[in-house]
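Visitor: Quick one: this structure, given as structure tokens, is what I'll be asking you about.
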Amino acid sequence: MATDTKRRGGRATKSQRQRQRIGRVTLYAHHGGWWIYFREDGQPVRRRAGDELGEAERVAAEVNAQLTRAAPTLFSFKPIPVRELVADFLTDHEVVRRSSIATVNRYRNALEHLVAFTTTDSTERPAHQLNA
């Protein structure tokens, strides 16, 4: 990129002015908005970050910080089975919220029906595929 700038008499091209790096995240203008590009788990990820440059820079900085910590990024998505979601929900009510035993049992009974409904032929649908 430095050689391109030198060849053009020290001026950057239009695409170079609209593209910037924030750590491991590239920020660029595309179709009237700002998009970010990064690689997560070896896969390229392109997401719209916002309409304004300042907003997009904040998103890019946050994603870069998450990539640096090897944490899931803002745009990560991992499907979770219904059974696992139910277990996490019940654990949250028992341990964190300290709901009464009767309340937790009531939730458990209702959610057992949900798990039975979503489990067909020993396969479970992910929770994001449920239609309320």
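The values are calculated or read from the model by the stated rules, or taken from the named source; none is laboratory data. What you see is a predicted model; the values in this text were computed from it and never measured. Neighbour counts run over all protein chains shown; Cβ positions are idealised from the backbone, glycine included. All accessible areas refer to the heavy atoms of the entire protein, side chains included, with ligands and DNA or RNA removed. Shrake-Rupley method; radii C 1.70, N 1.55, O 1.52, S 1.80 Å.
Visitor: Would you point out the residue of region 87-132, among those that are within 24 Å of F77 (Cα to Cα) and of a type in the set (D, E), that is most open to solvent (accessible area, probe 1.4 Å)?
Guide: D88
Visitor: On to the next question. Kindly provide the set of residues from region 117-129 that are outside any strand (DSSP E or B) and either hydroxyl-bearing (S, T, Y) or more than 29 Å from the chain's Cα centre (by Cα) (or both), ordered by number.
Guide: T118, D121, S122
Visitor: If you don't mind, there's one more thing I want to ask. Report yes if F38 is in a loop (DSSP other than H, G, I, E, B) and touching a strand residue (DSSP E or B) at 6+ places or on another chain (Cβ under 6 Å), otherwise no.
Guide: Answer is no for this residue.
Visitor: Determine whether T26 is modelled with pLDDT of 95 or more and among the hydroxyl-bearing types (S, T, Y).
Guide: Yes: the conditions hold for T26.
Visitor: Okay, next question. Pairs only if they're at least six apart or on different chains, beta carbon under 6 angstrom, first in region 45-62 and assigned to a strand (DSSP E or B), second buried (at least 16 other Cβ atoms within 10 Å of the Cβ) and of a type in the set (V, I, T); list them, first residue then second.
Guide: Listed by first residue and then by second, the contacts come to R47/I36; A49/I36; A49/V59.
Visitor: With the requirement that a residue be open to solvent by 40 Å² or more (accessible area, probe 1.4 Å) and at positive phi, what does region 19-74 give you?
Guide: Matches in region 19-74: G23, H31, G32, D41, G42, A70.
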